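The values are calculated or read from the model by the stated rules, or taken from the named source; none is laboratory data. This structure is a prediction, so every number in the text was calculated from the model and none was measured. Counting neighbours? That spans all protein chains shown, and the Cβs are built from the backbone with ideal geometry, glycine included.
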Amino acid sequence: MAMAKLSTSSARLGIVRALAGVSMLLAALPLLAQQDSSSIHEDSSAVLLAAGNTLRDSFNYAGAIASYSRVLDHNPNNNEALLQLSFAYLQTTDFNRSLDVALQGTRLPSDYLPRFNALVALNYHYAIIISEYYENLVARHDSEIVSYRAYNRSQPDGASKIFGLGLTYWSMGRAQIAEECLQQSAGLDSTFSDPLFILGLLQLQRKKFHAAESTFQQFLRVDPESFLAERVRLLIDCIRRREER
């Protein structure tokens, strides 16, 4: 009888222990699931970043922007995705969105901060130039703009004025005259790198790859230490790989 009670007691103890083990496992499952989910998000973010970079290198900026945006859907504080997204918007001359993303990056303490700050300054600069010219430009006849450009060829700040026209024309979708203005601006001041950078992006958009490479090489001769120089070298490499295919 005592043996039977002992056996029953042992069985109950075993059941209790088993149930306790199951309870601990069940309690741990949400944490395990959270860890697995986090790991999956990290993996998918890396894949999406790589996909975005590949699309960017193929000059498919719309696809690249979509990939970087999906990374930020998982983690709005992913510095690499923010940086690449800001650059992608810049390369499509969507300065307002590029500025918004760069500002988001400046709020996150990281080694990326100097680059985000530089992008903020650059986008502010371009946005101010466009806003300065846009309203006056749309109200004028082309003949007046031709006279304005002719006048500024002889002015000390003529290169920056005509650069502003080039930016504004591109924002209006008038790529041909934008390219003419940017070329003229670069020709007026051989030390002014901004027109060369924007001109190269415009030529890429117009699929004038050989001209874009030449323009970017000129940019590097003028401003090899610019924070944009790294991106310009990458664009040159992408153009050359495209031509080798």
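Got a number for residues in the range 192-207 being among the polar types (S, T, N, Q) and either surrounded by 24 or more Cβ atoms within 10 Å (Cβ to Cβ) or closer than 15 Å to Ala229 by Cβ (or both)? Working first, answer last.
As a first pass, look at the range 192-207 and keep what is among the polar types (S, T, N, Q): 193, 203, 205.
Subsequent filtering for residues that are either surrounded by 24 or more Cβ atoms within 10 Å (Cβ to Cβ) or closer than 15 Å to Ala229 by Cβ (or both) retains 193.
Result for the range 192-207: 1.
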What is the number of the single condition among (1) under 13 Å from the mean Cα position of the chain (by Cα); (2) surrounded by 15 or more Cβ atoms within 10 Å (Cβ to Cβ) that Asn96 does not meet? (2)
Selection from the range 67-85 of residues out of contact with any Leu (no Cβ under 9 Å at 6 or more places or on another chain) and either among the β-branched types (Val, Ile, Thr) or in a helix (DSSP H, G or I) (or both) yields Asp73
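Being modelled with pLDDT of 95 or more and of a type outside the set (Phe, Trp, Tyr) narrows it down to one of Ser69, Ser58, Ser7, Ser23, so name that one.
Values: Ser58 fails: modelled with pLDDT of 95 or more; Ser7 fails: modelled with pLDDT of 95 or more; Ser23 fails: modelled with pLDDT of 95 or more.
The conditions single out Ser69.
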List, please: which pairs have Cβ atoms under 7 Å, are six or more places apart or on different chains, and start with a residue in the range 51-73 that is outside the structural domain of Lys207 (by TED's automatic domain parsing) and among the β-branched types (Val, Ile, Thr) and end with one that is outside any helix (DSSP H, G or I) and crowded, with 17+ Cβ neighbours inside 10 Å? Val71/Asn78
Give the number of residues within the range 68-78 that are within 11 Å of the chain's Cα centre (by Cα) and within 15 Å of Asp43 (Cα to Cα). 1
Based on what the data block shows, is Phe116 under 12 Å from the mean Cα position of the chain (by Cα), in the same structural domain as Asn53 (by TED's automatic domain parsing), over 18 Å from Ser226 (Cα atoms) and touching a residue at least 12 places away in the same chain (Cβ under 8 Å)? no
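Looking only at the range 151-201, count every residue that is part of a loop (DSSP other than H, G, I, E, B), over 16 Å from Ala127 (Cβ atoms) and not polar (S, T, N, Q) and tell me the total.
Residues of the range 151-201 part of a loop (DSSP other than H, G, I, E, B): 153-157, 172-174, 189-193.
Pick out the ones that are also over 16 Å from Ala127 (Cβ atoms) and you get 153-157, 173-174, 189-193.
Of the ones still in play, those that are also not polar (S, T, N, Q) are 153, 156-157, 173-174, 189, 192.
Qualifying residue count, the range 151-201: 7.
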Could you tell me whether any residue of the range 85-101 is more than 25 Å from Met172 (Cβ to Cβ) and of a type in the set (Phe, Trp, Tyr)? no
